[in-house]
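The values are calculated or read from the model by the stated rules, or taken from the named source; none is laboratory data. Note that the structure is predicted; figures quoted are calculated from it, not measured. No Cβ is skipped: glycine too gets one built from the backbone with ideal geometry, and neighbour counts run over all protein chains shown. Quick note on the areas: whole protein, heavy atoms, side chains included, nothing else; ligands and nucleic acids left out. Shrake-Rupley method; radii C 1.70, N 1.55, O 1.52, S 1.80 Å.
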Amino acid sequence: MNAASHVATLRTLFLRDLTLAQRRKADVLGAAVFFVIVTSLFPLAIGPEPQLLQRMGPGVVWVAALLAAMLGMPRMFADDAVDGTLEQLLLSTTPLALLVLAKVAAHWLLSGLLLVIVSPVLAVQYGLPGEQIGVLMLSLLIGTPVLSLIGAIGSALTVGVRGAAVLLSLLVLPLVTPVLIFGAGAVEAAGSGLGAGAHLSLLGAMLAAAAFGAPLAVAAALRISLD
């Protein structure tokens, strides 16, 4: 099978996942609505204290983004396992790791990218200046794909397991904590005048490592789960 056939297969799988997601708009919009609600409740609970809100803003937005991204992770491979698609992916001549990367890309496009787009509006509630809002968007743009990639590992390990959502959270949350720390830290560093370059570079390194290693780990986990 030549490279063009592999690309065609990946494109078909990517578009298939996008099409199926359009039929479940409630699931797609649910993550964004959850993100908006959580980040909007904190200013109401804390009160109109600009300095406190500005200091807490980056961490709150990042925690909310992490939790919102995890909402759709249990279903990343669960539906495919039920309808037999997962078995067909395992039998495909296209490397399973590449197929996994296509599914993760579709998941991020429907969840992570939406959170990045919404984040500037929510950051205004915390009084973040324009520079910090820009860094926040950039950190989410780099960090949310890492969340999807690591979440895919947990999703693959819990395919067909009862209570998969709870187990997935226990598996994934400790692994994505560094992303949360450096993502929020980049915004805080920009606000304090120290520069966000170091934090963003570390996020970029995490993304590169996850993009290379996570699909291989997911492919191995899927084979184990279906044995």
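Quick rundown of the values:
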{"read-out": "Qualifying position, being more than 26 Å from residue 78 (Cα to Cα), among the small types (Gly, Ala, Ser) and touching a His at 6+ places or on another chain (Cβ under 6 Å), among 186, 205, 198, 190", "value": "186"}
{"read-out": "Test for residue 175: is it without any contact (Cβ under 8 Å) to a residue 60 or more places away in the chain, in a helix (DSSP H, G or I) and within 26 Å of residue 99 (Cα to Cα)", "value": "yes"}
{"read-out": "Options 184, 190, 156, 198; residue that is surrounded by fewer than 19 Cβ atoms within 10 Å (Cβ to Cβ) and either at pLDDT below 90 or part of a helix (DSSP H, G or I) (or both)", "value": "198"}
{"read-out": "Whichever residue in segment 1-39 is of a type in the set (S, T, N, Q) and within 23 Å of residue 73 (Cα to Cα) and, among such residues, is modelled with the lowest pLDDT", "value": "22"}
{"read-out": "Residue 58, sole failed condition from (1) part of a helix (DSSP H, G or I); (2) more than 15 Å from residue 186 (Cα to Cα)", "value": "(2)"}
{"read-out": "Filtered residues of segment 82-94 (kept if more than 14 Å from residue 225 (Cα to Cα) and either open to solvent by less than 10 Å² (accessible area, probe 1.4 Å) or in contact (Cβ under 8 Å) with a residue 60 or more places away in the chain (or both))", "value": "92, 93, 94"}
{"read-out": "Residues (touching a residue at least 24 places away in the same chain (Cβ under 8 Å) and open to solvent by less than 40 Å² (accessible area, probe 1.4 Å)) located in segment 201-216", "value": "203, 204, 210, 214, 215"}
{"read-out": "Residues (closer than 30 Å to residue 55 by Cβ, of a type outside the set (S, T, N, Q) and open to solvent by less than 50 Å² (accessible area, probe 1.4 Å)) located in segment 168-177", "value": "172, 176"}
{"read-out": "Filter result for the condition that a residue is crowded, with 21+ Cβ neighbours inside 10 Å and without any contact (Cβ under 8 Å) to a residue 60 or more places away in the chain, over 45, 69, 64", "value": "64"}
{"read-out": "Given (1) among the polar types (S, T, N, Q); (2) more than 19 Å from residue 97 (Cβ to Cβ); (3) open to solvent by less than 80 Å² (accessible area, probe 1.4 Å), number of the condition residue 22 does not satisfy", "value": "(3)"}
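Matching residues to (1) open to solvent by 20 Å² or more (accessible area, probe 1.4 Å); (2) in contact (Cβ under 8 Å) with a residue 60 or more places away in the chain; (3) assigned to a helix (DSSP H, G or I):
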{"residue": "51", "(1), (2), (3)": "yes, no, yes"}
{"residue": "80", "(1), (2), (3)": "no, no, yes"}
{"residue": "107", "(1), (2), (3)": "yes, yes, yes"}
{"residue": "147", "(1), (2), (3)": "no, yes, yes"}
